[in-house]
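Working notes, structure below.
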Amino acid sequence: MASTTDIKTYKFNHSMIRVKDPKESVKFYSFLGMSLIKKLEFPEAKFDLYFLGYDSPKAVSGGNNLWDREGLIELTHNYGTESNPDYKINNGNVEPYRGFGHTCISVDNIQAACQRIEDAGYKFQKKLTDGRMRHIAFALDPDGYWVEIIGQKPLEETENVKETNVETYRMNHTMIRVKDPEKSLKFYQEVLGMSLFRKHESQAGGFTLYFLGYPGEKGVPAEGQSTADREGLLELTWNHGTEKDENFSYHDGNKEPQGFGHICITVDNLEAACARLESLNVNWKKRLTDGRMKNVAFVLDPDGYWVEIVQNERLAGKANF
């Protein structure tokens, strides 16, 4: 492999969340149309990893190698949690442990998609008819994580449509709250090489949303263009004023109580990418040389969220695990 790294080849591969009962969680995300792409078992460390994503012929990354995809969800199951009545997940939306907000899928016909989820007996944090924002809904997974539902078409266009095809769905984005958007945007754009696709500012609501991702072969959408058909975006939510409070911080999901774990970027050359990050003076959670796993690294973003760095297997020609 070359001794350099090209950020144009990077992918926002997955978002990791811990789950109590993997059977129930896999069942839920499978109902949303995702496929179990791979399961990695680590019995000596007493945990398993389940990687789910959209894999139909219509899916953006359908058929690709696990590490050559975007928009995956990694479910981490620590053995024994499913039989522990006291074990609960921190979903990231309850004070004082807010940080991670939600994952989001985009669907073909949002009214029909939400009705299908409701008919299956799954609960909602927010139905389409709740509140002022009638174009989005939030379903709840078995652990209480929020899954946003957005439409790929205008709400009015799908109002009377009764069918929905899960093969057209996308794992669109992952949302995390950030304290200082200037610092976070600099990190994700200049350090990790993402592009800003869209910005939405709500003065009345007191927040601003930033949608970032890797352009890939499609290139960066023009400002204002819909990003609903994409997968693997990162939404940064800035609640105005947090940057002015020295004592304010978000929960990273890895301190107790745990829930969200990390996002993961796959790269063309792991050693070269880590050397580049070292030259940019990033804060490391785990260097390649630390611990037993020499094929993964973790850097910390400005809020302390973990970002995993892994080799894209397709570009390396050998397996990671």
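Ordered from highest to lowest accessible area with the whole protein assembly present and a 1.4 Å probe, Asp130, Asp48 read as Asp130, Asp48. Computed over the chain with a Gaussian network model linking Cα atoms closer than 10 Å, the most mobile of Met293, Met16, Met194 is Met293. When the chain is treated as a GNM with alpha-carbon contacts under 10 Å, the residue of Pro22, Pro302, Pro57 showing the greatest mean-square fluctuation is Pro57.
Measuring between their Cα centroids, the stretch 112-135 and the stretch 39-87 lie 25 Å from each other. Taken one residue at a time, the phi angles of the stretch 31-47 give Karplus couplings (6.51, -1.76, 1.60, θ = phi - 60°) of 4, 6, x, 7, 10, 7, 6, 6, 10, 10, 10, 10, x, 5, 9, 6, 8 Hz. Gly and Pro are set to x. Would you mind telling me the antiparallel percentage of the DSSP bridges in the chain, rounded to 5? Around 70 percent of the beta bridges assigned by DSSP in the chain are antiparallel ones.
With every protein chain in place and a 1.4 angstrom probe, the accessible-area ranking of Asp229, Asp143, largest first, reads Asp229, Asp143. The rule of thumb for compact globular proteins, 2.2 N^0.38 Å, goes into the C-alpha radius of gyration of the chain 0.96 times.
So with the 1.4 Å probe, I'd like the accessible area per residue for the stretch 7-316, rounded to whole Å².
46
With springs only between Cα atoms under 10 Å apart, run a GNM on the chain and tell me which of Ala120, Ala204, Ala228 wobbles the most. Answer for the Gaussian network model of the chain: Ala204.
Near Arg198, the amide H atoms lying under 5 Å from its own belong to Phe211; only residues 5 or more places off or on other chains count, and H is placed 1.01 Å from N. Sorted into 5 angstrom bins from 0, the C-alpha pair distances of the stretch 18-71 split as 4, 18, 27, 23, 16, 9, 2, 0 percent. Scalar couplings 3J(HN,Hα) for the stretch 251-267, obtained by applying the Karplus form with A = 6.51, B = -1.76, C = 1.60 to θ = phi - 60°, are 7, 7, x, 9, 7, 5, x, 7, x, 4, x, 5, 9, 10, 10, 9, 10 Hz; x denotes Gly and Pro.
Taking amide H as placed 1.01 Å from N in the peptide plane, Phe260 has its amide H under 5 Å from the amide H of Arg18, each at least 5 places away in sequence or on another chain. Taken one residue at a time, the phi angles of the stretch 316-321 give Karplus couplings (6.51, -1.76, 1.60, θ = phi - 60°) of 9, x, 8, 7, 7, 10 Hz. Gly and Pro are set to x. Here's how it looks for Leu233: its modeled amide H is under 5 Å from those of His173, Thr174, which are all 5 or more places away or on a different chain. Shown for the chain: the carbon plus sulfur share of the solvent-accessible area, taken with all protein chains present and a 1.4 angstrom probe, equals 48%. Cross-link partners for Lys153 among the lysines, with Cα-Cα distance under 28 Å and sequence neighbours closer than 8 places in the same chain left out: Lys11, Lys27, Lys58, Lys123, Lys126, Lys127, Lys162, Lys199, Lys218. With contributions of -39500 (n - 2.57) from each DSSP H run of at least four residues, the per-residue ellipticity at 222 nm computed over the chain stands at -3500 deg cm²/dmol.
The values are calculated or read from the model by the stated rules, or taken from the named source; none is laboratory data. Please read all numbers here as calculations on a predicted model, not as lab measurements. Surface accessibility is based on the protein's heavy atoms, side chains included, excluding ligands, DNA and RNA. Shrake-Rupley method; radii C 1.70, N 1.55, O 1.52, S 1.80 Å.
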